[in-house]
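Report on the structure given below.
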Amino acid sequence: MEHARRPEGRIHFAGEHTSHEPNGGSMNYALESAVRVLLELSGS
C-alpha cells in the first residue's frame with residue numbers, strides 16, 4: 001500500500017495499515033510507521 005504511505009500536502013499518514021508488512025495489524029508495524037513519519041517530518 002505504497003499510496004497510503006505518501007504524504008498529502010502537509011498531512012502524513014501513520015498506523016499499522018501504512019506499514020511495509022503486507023498483512024499489517026500489529027503494534028510493531030504501527031510504531032514502525034510512526035518512526036517513518038517522524039523521519040519524513042524532520043527532513044531525514
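At a glance:
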read-out: Subset of the range 18-44 (residues that are in a helix (DSSP H, G or I) and either modelled with pLDDT under 80 or surrounded by fewer than 12 Cβ atoms within 10 Å (Cβ to Cβ) (or both)); value: Thr18, Met27, Asn28, Val35, Leu39, Leu41, Ser42
read-out: The range 26-44 residues that are over 16 Å from Pro7 (Cβ atoms), paired with ones that are outside any helix (DSSP H, G or I) (beta carbon under 7 Å, 6 or more apart); value: Tyr29/Ser19; Tyr29/Glu21; Ala30/Gly15; Glu32/Ser19
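The values are calculated or read from the model by the stated rules, or taken from the named source; none is laboratory data. Everything numeric here is computed off the predicted structure, so don't read it as measured data. Neighbour counts are summed over all protein chains in view; Cβ atoms, including those assigned to glycine, are modelled from backbone coordinates with ideal geometry.
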